[in-house]
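So the structure is just underneath, and the comments pick up after that.
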Amino acid sequence: MNRRSFLARSLAAAAAPSFANAAIQGGKLAIGLDHFSVRATGWKAAQYIDYAASLKLDTIFLSELIVFENFEDAYLKSLKEQADRLGVKIYVGTGSVCESSNTWKPANGTGADHLALTIKIAKALGSPVARCYLGNQKDRSTDGGIEKHIENTVKSIKANQTRAEAEGIKIAIENHAGDMQSHELKSLIEAAGKGYVGANIDPGNAVWALEEPLKHLEVLGPLTICSSVRDSMLWEDEKGAVVVQWTAVGEGIVDFKAYAKRFAELAPGVPLQVETISGFARPFEHQKDDFWKIFPNHRDSGMFKAWLAMAKRGKKIDSFKAPDGPGKKDAEIAYQKAECERSFAWLRANA
């Protein structure tokens, strides 16, 4: 028996007691890994699957197509067989499908074509969703505002309605990097069609859009079909700006015990997939009038007041920077693994 076969069998045995199948079908809350949590590894899909199995997780969310060595049927079949053997369910995603977004990559062809490819991969791997997103917060400042980009995203999605429905794959749209607030993503999903489109909910990105995660969940929870979650810490700096730093689950200001409970109620059977992107802080200068040009009608909202209240309860935490030198990459990997693994431990003890 070669080393790879032995590792696969060992991981399968370790994963056997997991509650994966029962959880995904509506039992105990399923817990998974968004591969981006440990992006510094530079691994490919098979390695991420092995890592999720070694942690006895229910799912692995391969949220970018870059992790695949190719898109050939035989290769995708081998990945599905590996995941099935190890008791890990695969979720599949990609990036922007909005051709007017600053995040769009023309090399991907058209938004519709790129989403079609993602649906094909999702079908081959047994993923119930094909995740994608619009863009990021910079898109809110462009001509036509976020509404123009929402319209273009809907076009890419609708072009794939027949394909998605025929394959039994739902298209999951993420609130990504502060691009859309919850009511905007809800409207996008409704415009495209709730029968085959849902939300990939991200409470960390909700905070970047000046929304309190539990209130954000109330809006999008009933539409949620996939997730990428992390905690957040907010605090006010000496200039009055609110600083946001993402954290491991259970180490921020979000009431994640309440979040996980409500998540299970609003999106039964959907896994809570950890995507820790910790270590850096971003200031939001909400005290300046110009700041509100990208978030009209939000300044006096209850959602913003709840967000601001989080900052008043929060505390400053240090950012992470790996030391320069030959060990820098190893330090980044160790930091990222520790962040997501502490999140899994906290969720298992508290969710």
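Pairs of Lys residues in segment 176-274, spaced 8 or more positions apart or belonging to different chains, with C-alpha separations under 24 angstrom: 7 in total.
Normalised by the number of residues in the chain, the mean separation of alpha-carbon contacts (under 8 Å, six or more apart) gives a relative contact order of 16 percent. Extension gain, N70-K28: 0.36 nm per intervening residue step, less the Cα-Cα distance, totals 11.7 nm.
For R85 and S187, a Förster radius of 56 Å and the Cβ-Cβ distance give a FRET efficiency of 0.85, rounded to the nearest 0.05.
Within the straight-line cut-off of under 20 Å between alpha carbons, the lysines reachable from K56 are K28, K44, K80, K89, K337, sequence neighbours fewer than 8 places apart in one chain being disregarded. The magnitude of the dipole of segment 30-167, with charges of +1 and -1 set on the Cβ of Lys/Arg and Asp/Glu and taken from the Cα centre, is near 120 debye. Most simply put, the chain has about 30% antiparallel DSSP beta bridges, counting only bridges with both residues inside it.
Computed over protein heavy atoms with a 1.4 Å probe, the accessible surface of the chain works out to 43 Å² per residue. Per residue, the chain reaches -13000 deg cm²/dmol at 222 nm when only DSSP H runs of four or more residues are counted, each adding -39500 (n - 2.57). Give me the net charge of N205's neighbourhood, meaning all other residues with Cβ under 11 Å from the Cβ of N205; Lys, Arg count +1, Asp, Glu -1. Neighbour charge sum, excluding N205 itself: -4.
Farthest towards the positive end of the charge dipole of the chain, among the residues V88, G204, A306, is the Cα of V88, using unit charges on the Cβ of Lys, Arg, Asp and Glu. The H on the amide N of L272, modeled in the peptide plane, is under 5 Å from the matching H of A30, I31, G32, each at least 5 residues off or on a different chain. Here segment 183-242 has 52 percent of its accessible surface on carbon and sulfur atoms, given a 1.4 Å probe and all protein chains in place.
The mean sequence separation of alpha-carbon pairs under 8 Å and at least six residues apart, normalised by the residue count of segment 120-180, gives a relative contact order of 57 percent. Net charge in the neighbourhood of V129 (other residues with Cβ under 13 Å of its Cβ; Lys, Arg +1, Asp, Glu -1) is +1. To make sure I understand the rule: partners must be aspartates and glutamates, Cα under 12 Å from the Cα of K312, and not fewer than 8 residues away in the same chain. Which ones qualify? The reachable aspartates and glutamates, counting only those whose Cα sits under 12 Å from K312, are E236, D237.
Each principal axis of the Cα cloud of segment 130-286 was taken in turn, and the coordinate range along them, longest first, works out to 53, 39, 23 Å. Distance between the modelled labels on K261 and S301, one decimal in nanometres: 2.6 nm (7 Å Cα→Cβ projection).
Report the charge-dipole magnitude of segment 210-291 in Debye, nearest 20, computed about the Cα centre from +1 at each Lys and Arg Cβ and -1 at each Asp and Glu Cβ.
With Lys and Arg at +1 and Asp and Glu at -1, about 340 debye.
Ranking G279, A334, I157 by how far each Cα lies toward the positive end of the dipole of the chain (charges on Cβ) leaves A334 at the top. Averaging the sequence gap over all C-alpha pairs within less than 8 Å and six or more residues apart, then dividing by the number of residues, gives segment 220-342 a relative contact order of 33 percent. If only the Cβ of Lys and Arg carry +1 and only the Cβ of Asp and Glu carry -1, the dipole of the chain around its Cα centre is close to 800 debye.
The values are calculated or read from the model by the stated rules, or taken from the named source; none is laboratory data. All of these numbers come straight from a predicted model, not from anything done at the bench. So basically every Cβ, Gly included, is an ideal-geometry build from the backbone, and we count neighbours across all protein chains shown. Remember, those area values only see protein heavy atoms, side chains included, never the ligands or the DNA or RNA. Shrake-Rupley method; radii C 1.70, N 1.55, O 1.52, S 1.80 Å.
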